[in-house]
Amino acid sequence: MQGYENYDLQEEDPYLLSGSTCLINRLGITDTQALNEAEAAISEVAFAELIANPIEPTFNLEHLCRIHHYLFRDIYEWAGQLRQTEISKGGQLFLPYRNIEDVAAEVFYQLQKDSFLRELDETEFAYKAAYYLGRVNMIHPFREGNGRVQRIFLDQLAELSGYAFQWSGVSGERMAAACREARQQKPAYTKLERLLATSIIRL
Ligand SMILES: Nc1ncnc2c1ncn2[C@@H]1O[C@H](COP(=O)(O)OP(=O)(O)OP(=O)(O)O)[C@@H](O)[C@H]1O
Ligand SMILES: [Mg+2]
């Protein structure tokens, strides 16, 4: 399936090597495919370290930034920093970057008022988590790496309530389709709800 892995090309993207689709990186790589492979390998090691040694969860935008920084600090200079450009997939823009902080504050305030989803049964938890995943995905705070960051965030949220998600059973296509549904003009969370309800386990 086209369009779920890569962002659309924007007219001007300060994150790309000029005349290329490759992101500027600390590794000196100039080929997109090679960068994707190196990025996957490096962030996978960092991902495992984060699971063993989690970042203190504050469940807000800063928390997302700290996860992002840990995963990508060896690859991108802007690891842990909010994007400063518009991005889109499949022709649809994510949140305008100037609105990231305001919308994130609103979403995470709501999560706090929802008591971080504590004391819900598995299905209720999955359904509410689907709503928040959809909202966080719409924000897409970073130029790259949002999927990995939001899955760790959700893992930490689930752990608070004694749950975990089995992401290995979720294909990129299925996640992308569910995320797409949650960022339509009139967002719907049915696919994300079903996806999380079938991936959640009790610890
Ligand atoms: N067309 C789309 N509309 C909304 N969300 C999408 C779309 N395509 C993909 N996504 C979501 O964007 C996230 C991926 O974003 P990004 O590429 O920044 O992160 P990643 O960590 O590199 O990717 P992945 O989640 O594949 O590891 C995934 O959660 C995916 O479901
Ligand atoms: Mg990616």
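We did not get these values from a lab; they are worked out from the coordinates using the rules stated. Just so we're clear, the structure is a prediction, and the values are computed from it rather than from any experiment. Every residue, glycine as well, gets a Cβ built from its backbone with ideal geometry; the counts of neighbours run over all protein chains shown.
Listing for the model above:
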item: Residues listed by number, segment 52-69, amide nitrogen under 13 Å from Glu101 label point at 7 Å toward C-beta; result: 61-62
item: Computed [θ] at 222 nm, helices only, for the chain once each DSSP H run of length n ≥ 4 contributes -39500 (n - 2.57); result: -16000 deg cm²/dmol
item: Separation of alpha-carbon centers, segment 135-164 and segment 19-88, rounded to whole Å; result: 14 Å
item: Total formal charge among the other residues, if their Cβ is under 12 angstrom from that of Ile24, Lys/Arg +1 and Asp/Glu -1; result: -1
item: Spin-label model distance (nm) - Gln166 vs Gln185, 7 Å beyond Cα toward Cβ; result: 4.0 nm
item: Residue-count net charge about Glu39 - beta-carbon cut-off 15 Å; Lys, Arg +1, Asp, Glu -1; result: -3
item: Label-to-label distance, nm, for residues given as Glu173 and Glu159 (7 Å Cα→Cβ offset); result: 3.2 nm
item: Relative contact order, percent, the chain [alpha-carbon distance under 8 Å, six or more residues apart]; result: 20 percent
item: Lysine-lysine proximity count for the chain, Cα under 21 Å, sequence distance 8 or more or distinct chains; result: 5
